[in-house]
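S.K.: Before anything else, here's the structure in question.
Just so it is clear, none of the values below were taken in a lab; they were calculated from the coordinates. Keep in mind that what you see is a predicted model, and the values were worked out from it rather than measured. Positions of Cβ are backbone-derived with ideal geometry, glycine not excepted, and every protein chain shown enters the neighbour counts.
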Amino acid sequence: QNISLQASNPGQFEHDSNALWQRGAAPETIAYHGHVGINTDAPDEALVVCGNAKVMGRVMHPSDSRAKQNIREVDTNEQLRRITQMRLVEYDYKPQFASVMGIKDT
């Protein structure tokens, strides 16, 4: 798993002997091969952010037909029948979790 981040000075990480940061292939990028945690020291995914994240661009979720096979239309009535069998719930966050995560509207 790779994460690429833009940095104003990618070379600033070269002298940190414990870091696995490297200059990225694209100009002004760095790469870290492993898990990255922000406000956590135990990330269990490529990137874990505990708190709010502000994105000043788009979050990309590529969905390109060139990467897929066996694409076919589905029976709309059958899909609606399946949806009616789904379990839908409403919930409130537990106060302790909401407090730690900075969630105000529980």
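S.K.: Rounded to the nearest 20 Debye, what is the dipole magnitude of the stretch 26-94 about its Cα centre when Lys and Arg each give +1 and Asp and Glu each give -1 at the C-beta?
M.R.: Dipole of the stretch 26-94, to the nearest 20 debye: 240 debye.
S.K.: For THR29, put the label point 7 Å out on the Cα→Cβ axis and report which residues of the stretch 55-88 keep their amide N under 19 Å from it.
M.R.: Inside the label zone: 55-64.
S.K.: Using 0.36 nm times the number of residues separating GLU45 and MET101, minus their current alpha carbon distance, what extension gain do you get?
M.R.: Taking GLU45 through MET101 to full extension adds about 18.4 nm, to one decimal.
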